[in-house]
Amino acid sequence: MRLRTTARRSGAALALTGLGGVLLASGLAGLGPTAANSSSHREAPLIAGLPQYDTTDLYAFRSPERQNTVTLIANWIPFEEPGGGPNFYSFATDARYNIKVDNDGDAKPDVTFRWTFKDHYVSDETFLYATGPVTSLKDENLNYYQTYRLERITGNRTKVLVKNRRVVPSNVGEASMPNYGELRSQGVTKAGPGDRYRSFAGQAEDPFFLDLRVFDLLYGGDFSESGDDTLAGFNVNSVALQVPRGALAKKRDVSKNPIIGIWSTTDRRGVDGRYRQVSRLGMPLVNEVVIPLKDKNRFNASAPVNDGQFLDYVTKPELPKLIEAVYGVPAPDEPRNDLVSVFLTGVEGLNMPRNVTPSEQLRLNMSTPVSDDPNSLGVIGGDTQGFPNGRRLTDDVIDIALQVVEGELVGQPNDLADGVSANDVDFRDRFPYLALPFSGSDASPHPATAPAPREQQNALEDLLDGLTENGVLPLLLTGAGGGGLLAGAVLLVRAQRRPRLQPAS
């Protein structure tokens, strides 16, 4: 089964992108049915200056080829330029990188997987990262390399899963690493009791896909190029772990306790030797846009059990009001209890644990069967294994979040989208699934992915026809910013209505 599968859209319903759609996509993703994580690139003032500690994305899903396991993936270091030498990208050696699992719904970690890293040099008499072609992870031509230790922590017990393994290095280029795929293969190792775990640490292509350029003053009023994948051509540092489901479930009983909550954190060691949490990730774009400036650093240092302090930002979100004021698109009534269910508790009948403590986590029902035909729109696309029931690499969390934030679950159906519906490169079929990182020898690593102008023009004409027929056009023309919407909404696609979000039976 290819993980690359994405939803196909057809029919007569309209999916509005352009400024309104892109703004929603970029800003509201954290409030959608995000029981899984999207990107958190440079989200808070302090962490923006500490890229080695900045968690960007978190994924969790049942493994397609080993279905009795769950794959956990977490990424750090946003916007890695492939040719960023001579000192390429490494994990911090004064940090603890964590993926935490709550298996009883109390918003406290019951299982923690912890990675720590060490630096190694073959020679300090050269400035080179690699002094010749590197054909294996233990090749002496790899002048700088890292090793990692992976521990599983439950209560006061610590079990070492990986004691001392090589990190797959940055993809310097074809001259230095003529067969990078072989290095990736050597970086996947068996681990844990009975070798039932699979582990990987190293560089990967950034799997998140969306158009982030909305932060350029909303494109300055020119949206003719919306729909371009801003993260195309950039890499990240990743850890991936394939874990038996029983090792995650409460009392190791998946049948009775299938739902888990997941979040990642980074702890940095201070001059006093103590570790302090400096980054946290549980939902997409939460800290960039949902959390205001005054609380961004607080959120990164907080724990899910204390998320009540951020409740008003969910029930009374800022951005739907801004969208209504500027574009005349009605904001759903407050308080947004529908967002509480998908954002803080999980969806009842799908991935809400019993006696749940409301908290921002990625929630996964480990008993949901693996989809034979994955739909990138996840649950609202009729695929209950997808987002918000965990997150797969191909899930289009932005489009899903857009539609839910603008009322998909409260009687305001819509087909909002950001125009970026798939990653710029294929994911791989087997663990760790991540695409190989872009090479430092690539002179043009950032391809443009915007649709052709003729397609945009046709789509805009379709939109105007549809709005006129339904009596919506006059409302948009008289609403604040209506003219700007019509001038800017140039990236539009027709979409077949998806099924409503329904609880799992």
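The values are calculated or read from the model by the stated rules, or taken from the named source; none is laboratory data. This is a predicted model, so every value here is computed, not measured. Cβ coordinates were reconstructed from backbone atoms using ideal geometry, including for glycine residues, and neighbour counts include every protein chain displayed.
Structure above, values below:
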| item | result |
| --- | --- |
| Scan of the range 189-199 for residues that are at negative phi and surrounded by fewer than 24 Cβ atoms within 10 Å (Cβ to Cβ), ordered by number | Thr189, Lys190, Ala191, Pro193, Arg196, Tyr197, Arg198 |
| Filter pass, Val236 being at pLDDT 95 or above, aliphatic (A, V, I, L, M) and part of a strand (DSSP E or B) | yes |
| Of the criteria (1) in contact with a strand residue (DSSP E or B) (Cβ under 8 Å, 6 or more places away or on another chain); (2) surrounded by fewer than 17 Cβ atoms within 10 Å (Cβ to Cβ); (3) in contact (Cβ under 8 Å) with a residue 60 or more places away in the chain, which one Ala175 fails | (1) |
| Residues that are of a type in the set (Asp, Glu), closer than 29 Å to Met366 by Cα and surrounded by fewer than 24 Cβ atoms within 10 Å (Cβ to Cβ), drawn from the range 53-89 | Glu65 |
| Where Ala331 falls short, out of the listed (1) closer than 30 Å to Lys250 by Cβ; (2) in contact with a Pro (Cβ under 7 Å, 6 or more places away or on another chain) | (1) |
| Checklist (1) out of contact with any Gly (no Cβ under 6 Å at 6 or more places or on another chain); (2) farther than 24 Å from Phe79 by Cα; (3) crowded, with 18+ Cβ neighbours inside 10 Å; (4) at pLDDT 95 or above applied to Tyr121, failing item | (3) |
| Subset of the range 240-284 that is under 28 Å from Ser185 (Cα atoms) and small (Gly, Ala, Ser) - its residue that is surrounded by the most Cβ atoms within 10 Å (Cβ to Cβ) | Ser264 |
| Hits in the range 340-378 - residues which are modelled with pLDDT of 90 or more and β-branched (Val, Ile, Thr) | Thr345, Val347, Val356, Thr357, Thr368, Val370 |
| Condition check for Asp106: among the charged types (D, E, K, R), crowded, with 23+ Cβ neighbours inside 10 Å, out of contact with any Cys (no Cβ under 9 Å at 6 or more places or on another chain) and modelled with pLDDT of 95 or more | no |
| Of the criteria (1) of a type outside the set (Ser, Thr, Tyr); (2) crowded, with 24+ Cβ neighbours inside 10 Å; (3) modelled with pLDDT under 85, which one Asn414 fails | (2) |
| Unmet requirement for Val111, which otherwise passes all of (1) buried (at least 21 other Cβ atoms within 10 Å of the Cβ); (2) under 22 Å from the mean Cα position of the chain (by Cα) | (1) |
| Residue in the range 111-132 that is among the basic types (Lys, Arg) and more than 26 Å from Arg391 (Cβ to Cβ) present | yes |
| Gly390 being within 17 Å of the chain's Cα centre (by Cα), surrounded by 21 or more Cβ atoms within 10 Å (Cβ to Cβ) and without any contact (Cβ under 8 Å) to a residue 60 or more places away in the chain | no |
| Check on Ala232, surrounded by fewer than 18 Cβ atoms within 10 Å (Cβ to Cβ) and either over 16 Å from Leu50 (Cα atoms) or not polar (S, T, N, Q) (or both) | no |
| Residue, modelled with the highest pLDDT, within the range 379-394, restricted to residues that are β-branched (Val, Ile, Thr) and not in a loop (DSSP other than H, G, I, E, B) | Val379 |
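A quick yes/no check of all residues on (1) under 23 Å from Tyr59 (Cα atoms); (2) outside any loop (DSSP other than H, G, I, E, B); (3) aliphatic (A, V, I, L, M):
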{"site": "Asn164", "(1), (2), (3)": "no, yes, no"}
{"site": "Gly173", "(1), (2), (3)": "no, no, no"}
{"site": "Ser185", "(1), (2), (3)": "yes, yes, no"}
{"site": "Phe200", "(1), (2), (3)": "yes, yes, no"}
